[in-house]
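Below is one structure; the comments refer to it alone.
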Amino acid sequence: MTSALPSDPSDKPYFARHIFFCLNERKNGEECCAQHHAQEGFDHCKQRIRDAKLSGPGQVRVNKAGCLDRCSGGPVAVVYPEGVWYTYVDANDIDDIVNEHLIGGKVVQRLVLPPHVGR
């Protein structure tokens, strides 16, 4: 079986980091990120990355996601390749994630979603 990973470890990924925002909306009234203004968080992050000229190959990609199965901690976003899960309340929290993690490479500890929080 062949590996999908780059054969040369010095190969850089197409994007240095991805941030995925859960934008899932449950029609049955169950808890979901859409109830917690997730779209606004996504839009703000995307604009901040654009304004900082950090979007594009080798940089940061801001993505929409369906359910990430961490609904009770919503709204949630996850940054890869680190696999750091965040919860946030407002644009100030998103600014901290952008400035400290996506630009500075440091995890914003106060916004980290505890590992036991699930659906």
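Values quoted throughout were computed directly from the atomic coordinates according to the rules given, and no laboratory measurement underlies them. Keep in mind that what you see is a predicted model, and the values were worked out from it rather than measured. Note that each Cβ is placed from the backbone with ideal geometry, even for glycine, and that neighbours are counted across all protein chains shown.
Please report, in debye to the nearest 20, how large the charge dipole of the chain is about its Cα centre when each Lys and Arg carries +1 at its beta carbon and each Asp and Glu carries -1 there.
In total the dipole reaches around 220 debye.
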- Task: With r as the distance between the Cβ atoms of VAL107 and SER72 and R0 = 25 Å, compute the FRET efficiency 1/(1 + (r/R0)^6) and round to 0.05.
- Result: 0.75
- Task: Using 0.36 nm per residue of separation minus the Cα-Cα distance, give me the extension gain between TYR14 and ASP51 in nm, one decimal.
- Result: 11.3 nm
- Mind listing the lone cysteines of the chain, meaning no other Cys beta-carbon sits under 4.7 Å from theirs? CYS32, CYS45, CYS67, CYS71
- Based solely on its DSSP helices, what 222 nm [θ] is calculated for the chain when runs of n ≥ 4 H residues each add -39,500 (n - 2.57) and the sum is averaged over all residues, nearest 500 deg cm²/dmol? -5000 deg cm²/dmol
- Query: Nearest 10 degrees, 0 to 90: what angle lies between the long axis of helix 38-51 and the longest principal axis of the chain (Cα atoms)?
  - Reply: 30
- Query: Considering only VAL76, CYS45, HIS18, whose Cα is most displaced toward the positive end of the charge dipole of the chain, charges sitting on Cβ of Lys, Arg (+1) and Asp, Glu (-1)?
  - Reply: HIS18
- Taking the Cα atoms of the chain alone, what are Rg (to one decimal) and Dmax (as a whole number) in Å? 15.0, 48
